[in-house]
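The values are calculated or read from the model by the stated rules, or taken from the named source; none is laboratory data. All of these numbers come straight from a predicted model, not from anything done at the bench. We place every Cβ from the backbone using ideal geometry, glycine too, and count neighbours over all the protein chains shown. Heavy atoms of the whole protein, side chains included, go into the accessibility calculation; ligands, DNA and RNA do not. Shrake-Rupley method; radii C 1.70, N 1.55, O 1.52, S 1.80 Å.
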Amino acid sequence: MTALPVTPDDIAAARARIAGRVRRTPMLADPVLSARLGVPVLMKAEHLQETGAFKLRGATNAVLSLAPDALSRGVVTASTGNHGRALAHAARLAGTRAVVCLSRLVPQNKVAAIRDLGAEVRIVGASQDEAMVEVARAVCDEGLTEIAPFDDAAVVAGQGTIGLEIAEDAPDATTILVPLSGGGLIAGIAVAVKALRPGTRIVGVTMESGAAMIASLAAGAPVEVEETASLADSLGGGVGLKNRVTFPICRALVDETVLLTEAEIAEGMRHLAAQGHVVEGAAAVGTAALLAGKIHAKALAGSPVVAVLSGGNVDPALHARIVAGANTAEAA
Ligand SMILES: *Cc1c(COP(=O)(O)O)cnc(C)c1O
């Protein structure tokens, strides 16, 4: 096997680098699901991470890995979601600039949230593609460094610190359920956990509509897929046709993948809400897969299973509609 683009040593270094700037989130128990399945069901609570999602780990590691002159010039991204928030926060903490390029179509509340975290927001064009053109221009003309949301070795190493904490806090777990989009989260966790406990099964979970990494793994190379709106909006987007980091790691280390319907994701959100955990759709997929019977109890072989709750940034009105019984992202 050729060497993977992120190593366990990279993750150990990331842990030391980001210590004190990210929370060591707790491992929580799900007593209801544990009783139903007859195995301990645990939850890695990254929805309680600073900025509301695990993305802060990767963004912080990437920012702090920059050479001093690049760090002083600043960073840029086109992410409207949790990565944009994380990068804004990480840059502010590191005392440098973050520029976030957004299209005119991005809702005002998202723009305000990123601005409130200290980023300089640039509204450019009417599509994500046009925002990406401005990112390229800022890299060229202003010397900013683009920090990609997942296909970046330093970002993946930062997300991998979650794997180290899971191995410490749930040493007997033999299955880890990880929300899967571009694959930065699962790639980091897989590299960390497989080095410490090679027998652990790493399962990627995502929504049926637009499962780009799963389609890419099946095709043997990165491919594009059509996307539709999903409750798991943080799992949207492709893997990048020029993917260099997360595709090879996922191909080598992800043991299994699971696809969910919108109704199954909604059920996961309701189940977690009933236990006081407010999470976004993307974060509920591991729980949802267990509830839907898509992770067979036999495969768990009596050992603990860990679901990664990846983030809690959900529109309160949407969350309320789901808790009240809605099964889709669209308002009735
Ligand atoms: C980004 C994100 C994911 C998916 O992470 P990838 O590294 O793109 O696979 C899952 N959940 C939440 C909340 C996210 O913000």
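The mean accessible area for residues of the range 55-146, using a 1.4 Å probe and ignoring ligands and nucleic acids, is 42 Å² per residue. Using 1/(1 + (r/R0)^6) with R0 = 22 angstrom and r between the beta carbons of Glu168 and Arg23, what's the FRET efficiency to the nearest 0.05? In this case the efficiency is close to 0.90.
The simple spin-label model puts a point 7 Å past each Cα toward its Cβ; for Ala126 and His296 those points are separated by 5.1 nm. Is the C-alpha gyration tensor of the range 55-146 telling us rounded, prolate or oblate? Criteria: a/c under 1.5 is rounded; beyond that, a/b larger than b/c is prolate, otherwise oblate. Since a/c reaches 1.5 but b/c is at least a/b, the shape of the range 55-146 is classed as oblate.
Using a 1.4 Å probe on the protein chains only, how many percent of the accessible area of the range 55-146 belongs to carbon and sulfur? Answer for the range 55-146 is 54 percent, counting heavy atoms of protein chains only. Using a Förster distance of 45 angstrom, determine the FRET efficiency expected from the C-beta separation of Asn109 and Ala13, and round it to 0.05. It comes to 0.80.
The range 39-56 and the range 70-87 have their alpha-carbon centroids 21 Å apart.
Label sites at Arg244 and Ala67, each approximated as a point 7 angstrom past Cα along Cα to Cβ, lie 1.6 nm apart.
Helical runs assigned H by DSSP (4 residues or longer) give the chain a calculated mean residue ellipticity at 222 nm of -13000 deg cm²/dmol, each run adding -39500 (n - 2.57) before division by the residue total.
By DSSP, the beta bridges lying fully in the chain are antiparallel in about 10 percent of cases.
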